[in-house]
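I have placed the structure first, in the form of structure tokens, so that the comments after it can refer back to it.
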Amino acid sequence: MKFTSLSNSVPVFLTSLLIFSLYADKCDATLWPLIKAIEIEGCKFRPFVTPPGSTQVLFLAGSGVKEEFGDSKSMKYSSCAIYLQPTCILYLAKAWAEKSVVDITQSLNFFMDIATGPFEKYCRITMLETAKGEDYAAMITKNCEEMLTNSKRYSETAKASLKKFSEAFNGRTLASGSSIHVTVSTSNSVTLAFTEDGSTPKQGDVTLDCKEVGEAFLMSTISLHTTIRESMGSRISDLSKFRFGVGKNLNLGINFGTGKTLFNLDDKQT
């Protein structure tokens with residue numbers, strides 16, 4: 001499987017996402033065969049969301065589980081999903097258009113390009129086991145410090161932002177079923193929010209003025225939830241090569257429950 005056919009599919013992808021964003025609450029959830037909701041370990045992740053701190057509609061790029069093995073059994077601690085702004089497809093193609101799914105899934109640089117690329121990202125982590133907020137923050141903060149230090153981006157601003165991030169977890173119990181939400185904007189802000197379930201909040205609880213911390217958080221999340229790499233690599237590769245029906249026309253299934261197609265775009269015109 002190759003990461004190809006990008007030039008023909010991206011304009012259609014962006015056009016159809018724009019239409020979808022206008023009618024997101026009324027559209028059938030199965031709008032596109034390749035952008036479906038994912039349910040993993042009982043956690044449901046919608047195909048499209050507008051994350052806290054953003055006005056953009058982002059698509060579900062992949063999901064995974066944090067799982068540890070020991071004494072002949074496994075323990076699953078959390079599930080997560082990462083959403084991306086659709087312009088990421090065009091950006092990622094510059095370096096990865098000719099790579100196979102296996103190649104990009106196994107490449108750390110591919111996920112670094114996702115974390116640091118000039119498009120919005122949103123991560124939702126839903127707890128499968130209850131944890132203390134301080135313990136969770138300590139683990140994430142340590143990972144972020146190491147990543148930023150190794151990339152020579154651990155500035156005083158990043159240090160202060162990580163401290164603010166860690167303090168937001170003080171006194172919190174991350175109960176099973178509760179969620180952590182992190183939005184990394186295209187400016188310099190990172191929005192952190194908490195919910196008692198998997199719902200997407202409209203506003204954040206804490207704002208950090210250091211996108212490098214948000215980028216390190218994404219990389220930490222991807223490294224901890226190992227199965228998300230395969231999920232993201234496969235879905236992003238498929239999106240880039242998908243010609244929306246392969247035939248002559250793109251048929252957007254926006255039917256508002258009526259069964260009637262409202263938009264029919266010829267992909268040869270895009």
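No lab work stands behind these numbers, since they all come straight from the coordinates. Computed from a predicted structure; not experimentally measured. With ideal geometry, Cβ positions are generated from the backbone for all residues, glycine too; neighbour counts draw on all protein chains shown.
For the stretch 103-162, give the magnitude of the charge dipole about the Cα centre (Cβ charges: +1 Lys/Arg, -1 Asp/Glu; no others), in debye to the nearest 20. Here the size comes out at about 140 debye.
The relative contact order of the stretch 118-211, computed from alpha carbon pairs under 8 Å that lie at least 6 residues apart in sequence, is 35 percent. Please give me, ordered by residue number, the GluC sites (Glu not before Pro) of the stretch 51-135 that lie in loop per DSSP and have at most 12 other Cβ atoms within 10 Å. In loop regions of the stretch 51-135 (DSSP not H, G, I, E or B), the sparsely surrounded GluC sites (Glu not before Pro) are Glu98, Glu129. The modelled label-to-label distance for the pair Thr157/Lys73, using points 7 Å beyond Cα in the direction of Cβ, is 4.8 nm.
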